[in-house]
Amino acid sequence: GEDVEQSLFLSVREGDSSVINCTYIDSSSTYLYWYKQEPGAGLQLLTYIFSNMDMKQDQRLTVLLNKKDKHLSLRIADTQTGDSAIYFCAETVNTDKLIFGTGTRLQVFP
Amino acid sequence: GAVVSQHPSRVICKSGTSVKIECRSLDFQATTMFWYRQFPKQSLMLMATSNEGSKATYEQGVEKDKFLINHASLTLSTLTVTSAHPEDSSFYICSARGPGGAGGETQYFGPGTRLLVL
């Protein structure tokens, strides 16, 4: 398809790990991103990865990139209730435009 | 640093009126700003790219006469929804490109404006 695809919903227990997956569309993308959006708010950049990397870790966040399959994932370790939000992956095309994924709603329950 | 504000945060208007939304970069100069639209429970769709001192570049399917964009200074871009109709009701988000290059990591997002057209 033409969309950057994500699963719609993920529910995890507090303290567990969350893994959010994304399939992007443009194999020539140079950067891939993960954003967090809380209800009624704008977007917060969580992390990003350059396309020549396979993995990037930043505190509780781990990004994995599989260029062959155009697959990107975000792992959140020790998920907290404050992590409940919508998560968007995004890719840059021609370095100018961000193309966003369909979004994954993460719900963390105690 | 790198704070982007939007005003108003929420607006309700009658059908047929025009609404102006402001996007400001508070502590940096932004030669490029972007306007996005987000429908409930959906992703962000880029509407247009706004460059200071020149005409905006609109994405396919976005009516430039309907959504007027002005980027008159390095810290302010405005989006005017002209003759608004209920189907224009949406969440409008801007971003501003800060210093440090052209990658998406240098885009800083505003908090969004929720428009409801009655």
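Strictly over 20 Å apart at the Cα level, which of A:LYS56/A:LYS97; A:LYS36/A:LYS56; B:LYS14/B:LYS55; A:LYS97/B:LYS20; A:LYS36/B:LYS20; A:LYS70/B:LYS41 would you flag in this model?
Flagged as over cut-off: A:LYS56/A:LYS97; B:LYS14/B:LYS55; A:LYS97/B:LYS20; A:LYS36/B:LYS20; A:LYS70/B:LYS41.
Arrange the peptides B:18-25, A:85-92 so that the one whose residues have, on average, the most other Cβ atoms within 10 Å appears first.
Order by mean packing, descending: A:85-92, B:18-25.
Kirkwood Rh over Cα pairs of region A:37-80 into Stokes-Einstein at 10 °C, 1.306 mPa s: D in µm²/s?
135 µm²/s
On average over all directions, what projected area in square nanometres does region B:1-61 have, based on the convex hull of its Cα atoms?
Averaging across all directions leaves 5.8 nm² for the Cα convex hull.
What average count of beta carbons from other chains do you get within 10 Å of the Cβ of residues in A:86-93?
2
What are the equivalent ellipsoid semi-axes of chain A, built from the alpha-carbon gyration tensor (square roots of five times its eigenvalues), in whole angstrom, biggest first?
Ellipsoid half-lengths, sorted descending, are 23, 15, 12 Å.
Over all residues in B:108-115, what is the mean tally of Cβ atoms on other chains that come within 10 Å of each residue's Cβ?
The shielding value for this peptide is 3.
Ignoring ligands, DNA and RNA, what percent of the 1.4 Å accessible area of chain B is carbon and sulfur?
That fraction is 53 percent.
Taking the Cβ-Cβ separation of A:THR81 and B:LEU116 as r and a Förster radius of 22 Å, what is the calculated FRET efficiency to the nearest 0.05?
0.15
In region A:53-89, whose amide N lies under 11 Å from the spot 7 Å out along Cα-to-Cβ of A:SER27? List them in ranges.
Of the residues in region A:53-89, A:67-70 have backbone N under 11 Å from the label point off A:SER27.
Chains A and B: buried accessible surface, both sides, probe 1.4 Å, rounded to 100 Å²?
Accessible area lost upon association: around 1500 Å².
Residues of chain B: accessible area per residue at 1.4 Å, in Å²?
On a per-residue basis, chain B sits at 48 Å².
Could you tally the net charge around A:GLN107, taking each other residue with its Cβ under 11 Å from the Cβ of A:GLN107, Lys/Arg +1 and Asp/Glu -1?
So the surrounding residues net to 0.
May I ask you to give the average projected area over all directions of the convex hull of the Cα atoms of the protein assembly as shown, in nm² rounded to one decimal?
Averaged projected hull area, Cα only: 12.5 nm².
What FRET efficiency comes out for the pair A:ARG13/B:LEU26, r = Cβ-Cβ distance, R0 = 45 Å, nearest 0.05?
Once rounded, the FRET efficiency stands at 0.70.
Sorting check: for B:66-72, B:90-96, B:50-56, A:12-18, which peptide has the highest mean count of neighbouring beta carbons within 10 Å, and how do the rest follow?
Result, highest mean Cβ count within 10 Å first: B:90-96, B:66-72, B:50-56, A:12-18.
Quick one: if you take sqrt(5λ) for each eigenvalue of the C-alpha gyration tensor of region B:42-118, what semi-axes come out, biggest first, whole angstrom?
Semi-axes (√(5λ), whole Å): 22, 15, 12.
The values are calculated or read from the model by the stated rules, or taken from the named source; none is laboratory data. The shown structure was predicted, so the numbers you read here are calculated from the model rather than taken from an experiment. Cβ: placed from backbone, ideal geometry, glycine included. Neighbour counts: every protein chain shown. Ligands, DNA and RNA are excluded from the accessible area calculation, which covers all protein heavy atoms including side chains. Shrake-Rupley method; radii C 1.70, N 1.55, O 1.52, S 1.80 Å.
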